[in-house]
Every structure is written in C-alpha cells, then in structure tokens.
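To keep things clear, I will list the structure first and then write my remarks on it.
The values are calculated or read from the model by the stated rules, or taken from the named source; none is laboratory data. As the structure is a computational prediction, the values presented were derived from the model and not from experiment. As a convention, Cβ positions derive from the backbone with ideal geometry for all residues, glycine included, and neighbour counts pool all protein chains shown.
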Amino acid sequence: MSARDFQVIPRLGPEGEALDGEQLEISMGPQHPSTHGVFRMDLLLDGERVTRLKPVFGYLHRNHEKIGESTTYLGSMPYTDRLDYFCSLTNNWAYALTVEKLAGIQVPERAEYLRVITAELTRLQNHLSLAGFLLQDMGASGTPLMYAFREREKILDLFESLTGARMMCNYMRFGGCRCDLPAGWLEQARAVVGEFPRFLDEFQALLDENEILMSRTQGVGVLSAALAVNAGVTGPMLRASGVNYDIRKVDRYGIYDRFEFRVPLGDHGDVYDRYLVRVLEMRESLKILEPALRDLPAGPVLDPKTKLRGFRPKPGEAYGRIESPKGELGFFLISDGSPNPYRYRVRPPSFINLTILEDLCLGRQVADVVVILGSVDIVLGEVDR
Amino acid sequence: MESLEQIKHRIEGAVAGARVEIITNPGPAGQHSLLLDHAHALRVATFLREGSGLRLDYASNVTGVDWPETVLKEKRKVKQTIEGVEREIEETIERTRPGFLEVVYHLYSMELKQGPVVLRLRTGDRAASARVPSLTPVWRGAEFQEREIYDLYGVIFEGHPDLRRILMWEGFEDYPMRKDYAAPVENAAVSIA
C-alpha cells in the first residue's frame, strides 16, 4: 500500500447525503507480499469493512497467445511451462491433449501412465504449496510453509531427474512424452509416495483443528454453489462449495477411468473447506499414484508415427481440457493447415476463478481479503499470460 | 446428449424468430458449432442454460478470433465447347470474404455432466465499433473473458456490466490480438542514437 494511492472520498448515505465518516480508497499491491506476485486490488473501505474490491492485473502480461500464434505447434510446448509455473507438467498435458484432439493422434499406454504419474505428483506439490502459503498469509510464519516445501522438494527432485528441470519441465509431446524414466526413478518415486501419508498425518494433526486456522477461515469467504457454477469457478474452489465436478471423472481423459479415487466435497464453501478439500485431494492423488507406479506397463513413450517437426494438422479446431490442480485448464486451437496455429487460446483457471473475488470479500475485513485471496490459489503467470 | 441438429431445432422452436446456423468443423475433433444472430442471442443463451436435457449452466471458455478480409479461391469444373468439341475445364473463382471478428463460447453442463456445445457470435465488420451482445448476464463466467476479448480484439459487448481493459493498461489504444496488429518497432525509451 503506497502512500500516494490514498484518496479520501466523502461517504454518502443511501439517499446520497454526506455522512460524518469517510470511506477510504486504498490500492493493495502490486508488491504486497500476500498477493502472490504482481497483483493489485482497488479496495474501498468503510473503516475496516470492504465495500468495493476491483482486482487489477496484467502486470505480467506478455501476450502468450500471440506468441503461440507466431510459432510452431511444438514451439509453444516449453512456453506452456511458464503459464502456471508451479504446475508445468499439467500445462504440458492440457496442450498436448488438445493438439492430439486437433490432429487425431494416439498416445501409447506407457506414456499415458507417465502423464498420470507426473500430473498427480504435480497436484501434490501444488496443493502442498497452497496450504503452506495460506498459513503463511495467516501469520503462521515459516513453519507450515517450510514443512510443505521440504516435501515439495522431494517431488521436484523427481521432476528434475526425469525431465532435467525442477519447474520448467517441458516434458510432454504430441503423442506421448519426451523421454523414458531414468534408472532407479520408479523406486525413488515409490519411496516418496510411500512416505507421503505419514507427512500428511502430521500436517493435518498440526493444522486441521488448529484454533487460529479455524477462527480465521471458518465462515470466511463463503461461495455458494449456484454462484460458483454460474461464474465458471472450477477446481478445488468449486468442489469446496459442494459441486461434484472433477474433469478427471467427467471426461475420463487419458486413463483416469482405470483408477479408483473419490472427489472430496466441501459443505460450507468457505476458506476452511477450500483448505481441507485440497488436503483430502492429496490423499486421493496418492490412491492414483500407488497403482499407477505399480502397474506401469513396458513399451514406447512416444508414438513412433508422430511427426514433431514439420507438423501441420489439417484445418479444423479443437477445445481440450484437463483437471489441473487449480481447475479446468483448457486450450482452444484453430488450424488453417499451416505449421503455426491460426488461433491459440488458453483457458486459465485461476484468471476465471478471480471473477468472484469481490463477492467473497464484500463486508469482510481487510485481513480476511488476504486469506480469501490466498484460498483462491492464483498464479500470475497464468492470470496475466 | 442430443445432436447439434436437434438442439438447433429445439432453439428455433423455443425462441421465435431465432436464426441458428451450424458451422461444421472439418477436423478430427468434430466439435461443430452454432452461429447465433445478435437479436436473439441472449434469449437463446438463457434457453440453453435452462432447457431440460441441456442445462448448459457453465460457460467454460470464451474467446475471440479475428478473421480479416481474405480472398477465397474455389475450383470448379465447367464444360465448355471449344471448336465444336465439348471439354471439361477447371476454373478458379475468386471470392472476397469480408473480414469479421468472432466470439466463441464453449458451454458445458455441470448438472448433467455433458458438453461441449460451441456457440459463435460474429460482428459485421472489423471496425472499431464492432459489437456483439454480451452473454455475461446469463453466465457470469464470461465476465472477465469478454473483457479480455474487448481488450485484445476490440469487440464491444453490449450489456456487459463492466467493460474495461483487463490485461493492457488504461489508455492503450490498439488491439494486440488482431492479425494486422503491428507491434511498435522502436521503443523510443531505449533507442540507441
């Protein structure tokens, strides 16, 4: 909050008459530590109460879509890593899936397993980070975030030994994955997945019934199911409001129909439910990872008929979507038969989940705004594109 | 889920006077779409959201596409009589398609777990005043996405509650996602003398 953004506005009553008190317009961000990047909110406050909130973003805008239209289909793959930079592997998958739809490409079974394994590991580390950051926003300085990052580190090590990079993985290709597993990777992954429940038990024992967490989050930022659906909110935020909609179950893309897992739902749609739904989703991800790591079949990881260079899909269009850790991540591509997509569109989940931020914050205090924004789980690389 | 032809018939039955055209998608994805007319778009959208068996309560993806004026070439075979002999000659016909901007909506049903149904709205031209009706009153999920299309393509959404630029800054004048957008070559601030 910088001093020069302060502006005093005369407060008006319902009839337009001047009241004694004044409303204060403040600009929160773009460098505020709780905004998770360069993100700004224009707040109008009546004392401590929020009477208006307009999110302002675009500070990280580099016109990803225009760049996507001026490069080849394959050329955009590493660039999708930079959308939601916490979850590069699910970004890769959403893009690869859409191009496969556009051109009618098949994916070998082993590659489908590798995609599920890497995507669920991505979900684990995303939800972990979110839980850590949320507690950090509430003032639990350090401890929960460091615990979460300690575990996340093990997953990033797995990504690094498989793809060569911890965050910018650039791993998937149209028709499969870029490379096969290195020696010893499966054992290492099984060990990480095997140890994870013990960590989750500890994490939940510390936090689930923590008095500070409960008093700061329960009943705060309540999102009704009807508004969530109408506003296109997806992912854990939607399910915390009690709407059973998980694209892994609805579309059954890839090989998700082979795994048994449940979809955790919230009862109240408040910040606490959003926290808890994510923690429970981690447990369900483990239920997918264990059989996937056990049953991984042998075979190629890339369809040998796939042409990566000089790739020109026939004219047409396709919309493909997956359940990314933040919600529905979709790509919309139009091909005119040339090597570059005619239209390359990203449907960013955290951008659209921000639509209802004002509705959640109205009437709450400024301190709640921080917690509510934290529970939306935004990444500015994806919001601004 | 019903076929697109059935949905088209139901729309025409439910909303009097609505003109709906099916746009086919030649690619393997086979996601065909419905082109709506401006005057009835809002009522058609409400019908799609409320209609039994459809319940398309969720507007997932909303995006713009720029189609500048192009010359389409069509080849066709014509029979001509040359020197008393009838021959088949291939003839190329050039047709100019005027430019327009297009807005595409991908709709799903969370209630019935079906979709997508693809809607399209087209502007008459690519002028700065190109307009389409906003569908945000039906699906709030379109609010930020329509703002983004306004920002990057310059489509004006009539009936949008808060149509402002969203990614570019206030005062920026061009529309960067249009095909004929030219980025400024030289940045005056960093030019080397």
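Taking the conditions exactly as written (modelled with pLDDT of 90 or more, surrounded by 14 or more Cβ atoms within 10 Å (Cβ to Cβ) and within 14 Å of chain B (Cβ to nearest Cβ)), does A:Arg239 satisfy them or not? Criteria met by A:Arg239.
Only one entry of B:Thr46, B:Thr63 meets the criterion of being outside any strand (DSSP E or B), polar (S, T, N, Q) and within 14 Å of chain A (Cβ to nearest Cβ), and that entry is B:Thr46.
Listed here are the residues, each with its yes/no results for (1) within 14 Å of chain A (Cβ to nearest Cβ); (2) in contact with a Gly (Cβ under 8 Å, 6 or more places away or on another chain); (3) surrounded by 14 or more Cβ atoms within 10 Å (Cβ to Cβ).
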| position | (1), (2), (3) |
| --- | --- |
| B:Gly30 | yes, no, no |
| B:Asp37 | no, no, yes |
| B:Ile82 | no, no, no |
| B:Glu91 | no, no, no |
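Among the residues making up the range A:42-80, those that are touching a Gly at 6+ places or on another chain (Cβ under 9 Å) and away from chain B (no Cβ under 14 Å) are A:Asp46, A:Gly47, A:Arg49, A:Val50, A:Thr51, A:Thr72, A:Gly75, A:Ser76, A:Tyr79, A:Thr80. Among the candidates B:Glu12, B:Glu21, B:Glu5, B:Glu74, which residue alone is of a type in the set (Asp, Glu), out of contact with any Lys or Arg (no Cβ under 9 Å at 6 or more places or on another chain) and either outside any loop (DSSP other than H, G, I, E, B) or under 17 Å from B:His106 (Cβ atoms) (or both)? Unique residue meeting the criteria: B:Glu5. Going by what's in this entry, would A:Pro182 be described as within 21 Å of the chain's Cα centre (by Cα) and not polar (S, T, N, Q)? Against the criterion (within 21 Å of the chain's Cα centre (by Cα) and not polar (S, T, N, Q)), A:Pro182 does not qualify.
Just to be sure before I move on: is B:Leu54 within 14 Å of chain A (Cβ to nearest Cβ), farther than 23 Å from A:Pro349 by Cβ and surrounded by 21 or more Cβ atoms within 10 Å (Cβ to Cβ) in the structure I sent? So B:Leu54 does not fit the description; no.
If the condition is being within 11 Å of chain A (Cβ to nearest Cβ), surrounded by fewer than 18 Cβ atoms within 10 Å (Cβ to Cβ) and touching a Pro at 6+ places or on another chain (Cβ under 6 Å), then the range B:140-180 contributes only B:Lys179.
Determine, yes or no, whether A:Pro264 is without any contact (Cβ under 8 Å) to a residue 40 or more places away in the chain, more than 27 Å from A:Gly175 (Cα to Cα) and more than 14 Å from every other protein chain (Cβ to nearest Cβ). Here the answer is yes, as A:Pro264 does meet what is asked.
Of the residues making up the range A:326-384, those that are basic (Lys, Arg) and either within 21 Å of A:Asp42 (Cα to Cα) or more than 9 Å from chain B (Cβ to nearest Cβ) (or both) are A:Lys326, A:Arg364. Applying the criterion of being buried (at least 21 other Cβ atoms within 10 Å of the Cβ) and touching an Asp or Glu at 6+ places or on another chain (Cβ under 7 Å) to the residues of the range B:104-120, the residue that is farthest from B:Ile23 (Cα to Cα) is B:Met110.
Among the residues of the range B:110-133, those identified as within 14 Å of the chain's Cα centre (by Cα) and farther than 24 Å from A:Lys66 by Cα are B:Val117, B:Pro133.
Look at the range A:92-107: where a residue is away from every other protein chain (no Cβ under 11 Å) and hydrophobic (A, V, I, L, M, F, W, C) and a partner is part of a helix (DSSP H, G or I) and surrounded by 24 or more Cβ atoms within 10 Å (Cβ to Cβ), sitting 6+ places away or on another chain with Cβ atoms under 6 Å, you get A:Trp93/A:Arg115; A:Trp93/A:Ala119. Residues that are part of a helix (DSSP H, G or I) and of a type in the set (Gly, Ala, Ser) within the range A:126-172 comprise A:Ser129, A:Ala131, A:Gly132, A:Ala148, A:Ser161, listed in sequence order. You will find that of A:Ala205, A:Ala226, the residue that is within 14 Å of chain B (Cβ to nearest Cβ) and in a helix (DSSP H, G or I) is A:Ala226 and no other. Among the residues of the range B:183-191, some residue qualifies, meaning at least one is farther than 30 Å from A:Val250 by Cβ, at the interface with another protein chain (Cβ under 10 Å from one of its Cβ atoms) and not aromatic (Phe, Trp, Tyr). Can you tell me which residues in the range A:307-321 are closer than 17 Å to B:Ala29 by Cβ, touching a residue at least 40 places away in the same chain (Cβ under 8 Å) and away from every other protein chain (no Cβ under 12 Å)? The one that is closer than 17 Å to B:Ala29 by Cβ, touching a residue at least 40 places away in the same chain (Cβ under 8 Å) and away from every other protein chain (no Cβ under 12 Å): A:Phe311.
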